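For reference, the structure discussed in these notes is given below.
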Amino acid sequence: MDKIEEIKKLIEEKTSNISALDELNNLKVEFLGKKGIITEYQSMIKDIPNEEKKEFGMKVNEVRSLFNTKYEEIKNRLEAEIINKKLEDEAIDITLPSVKINIGSANILEKLIEEIEEVFMSMGYDVVDGPEIEEDKYNFEMLNIPKGHPARDAQDTFYIEGEEILLRSQTSPVQVRTMLEGEGVTPIRMICPGKTYRRDDDDATHSHQFMQIEGLLIDKNISLSDLKGTMEVVFKRLFGSDVKVRFRPSYYQFTEPSVEVDITCSTCKGKGCNICKNTGWLTIAGAGMVHPNVLRMSGYDPSIWSGFAFGFGAERLAMLKYNIDDIRVFYNSDLRVLRDFDREDEE
Ligand code: DAH
């Protein structure tokens, strides 16, 4: 009996500084294994005289349950410690800066075109499309540029089939197509952004493929001052409200009179710099009043209808707005350059 009391002490002692599960399991073997201390006493029961058997049995059970209670207690504690340690080790530091994920974004030229579309749409213009593979008839003839006319030489055209099918050298044929759809009776307000092609050698300011934005307004009593007002709205929105617009006389076959549209230099604000070749002005569009022949050929009676037309080079506008000095940037898809503009947008 006394021995059993000693076992209790031994249990208390041995369980007091267990720090790992395998130690605990070894202890279990030591007390409850086949040759364990408690097991030994248990097997003694049969040899105990009957009158003491009950008490002895109860004592042995007592130490056994004491050990089991201790065992469970320690096991739970150690397992909890293991889980906590694991959680600690695997914890994610959500304050760390994340890896930057690259996502696509609209090309800078595309963004500028969208901006211009917004401005025109706010003035009631439709944005229309036309074919890039075009007929000579629309690209030249119905724009008052007959076969053999010297003006054709200036637009070094890619012909696809004979003399009739070509890659459009300007977006102006979409004027003709829109007027034909208007059937000579509908007022027109449209812009057409689109790709155009010329047999130019590519360099910093030339590209065999480029984007134009064509515009056409046909209504009654339209004058050059309507064109001027429209250009002012557009360029002030694109380049800032202090921008001034001026017209210089020019010559296009499909407009009469024709003008070059200049704006005050976006870089030096008109003071003079190398971008504007010290003139303070940048030529930014060709425009004019739609020629009576063009109106007539497309079914609009020039004694009733009048209108203006204009054509912007989208790359030129983007180059000025974003200070780009090489047109090839738009087509080379150099991510290092394009990402710079994304960053500019984010700022
Ligand atoms: N299509 C002309 C070009 O490519 C630009 C242009 C000038 C368009 C005057 C027009 C315009 O509609 O009225 O050079």
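Here the chain is treated with +1 on each Lys and Arg Cβ and -1 on each Asp and Glu Cβ, and its dipole about the Cα centre works out to around 580 debye.
Overall shape: prolate for the chain, with the ratio a/c of the largest to smallest alpha carbon gyration tensor axis at 1.5 or above and a/b above b/c. Rolling a 1.4 angstrom probe over the protein heavy atoms with all chains in place gives the chain an accessible area of 57 Å² per residue. Taking the chain as a whole, the Cys residues whose C-beta sits 4.7 Å or farther from every other Cys C-beta are 192.
Projecting the Cα atoms of 7, 224, 330 onto the dipole axis of the chain, where Lys and Arg carry +1 and Asp and Glu carry -1 at the beta carbon, places 7 farthest toward the positive end. Tally up the carbon and sulfur contribution to the accessible surface of region 108-346 as a whole percent, 1.4 Å probe, everything protein left in place. Result for region 108-346: 48 percent of the exposed heavy-atom area is carbon or sulfur. Note on the chain: with a GNM built from Cα contacts shorter than 10 Å, the maximum mean-square fluctuation among 242, 202, 93 falls on 93. Projecting the Cα atoms of 250, 308, 21 onto the charge dipole of the chain, computed from C-beta unit charges around the Cα centre, puts 21 farthest toward the positive end. In sequence order, region 143-155 has phi-based couplings of 9, 6, 10, x, 4, x, 5, x, 4, 5, 4, 5, 10 Hz under the Karplus curve 6.51 cos²θ - 1.76 cosθ + 1.60, θ = phi - 60°, and Gly or Pro positions carry x.
Counting only alpha carbon atoms, the long axis of helix 224-239 and the longest principal axis of the chain meet at about 20°.
By accessible area, using a 1.4 Å probe on protein heavy atoms only, region 46-100 has 56% of its surface on carbon and sulfur.
Among the trypsin sites (Lys or Arg not before Pro) found in region 39-128, those both in a DSSP coil and sparsely packed, with 15 or fewer other Cβ atoms within 10 Å of their Cβ, are 100. With the Cα gyration tensor of region 1-118 giving a ≥ b ≥ c as the square roots of its eigenvalues, does the rule (a/c under 1.5 for rounded; else a/b larger than b/c for prolate; else oblate) give rounded, prolate or oblate? Prolate is the answer for region 1-118, as a/c is 1.5 or above and a/b outweighs b/c.
The values are calculated or read from the model by the stated rules, or taken from the named source; none is laboratory data. Computed from a predicted structure; not experimentally measured. Using ideal geometry, Cβ is built from the backbone for each residue, glycine included, and neighbour counts are taken over all protein chains shown. Calculation scope for accessible area: heavy atoms of the full protein, side chains included, ligands and nucleic acids excluded. Shrake-Rupley method; radii C 1.70, N 1.55, O 1.52, S 1.80 Å.
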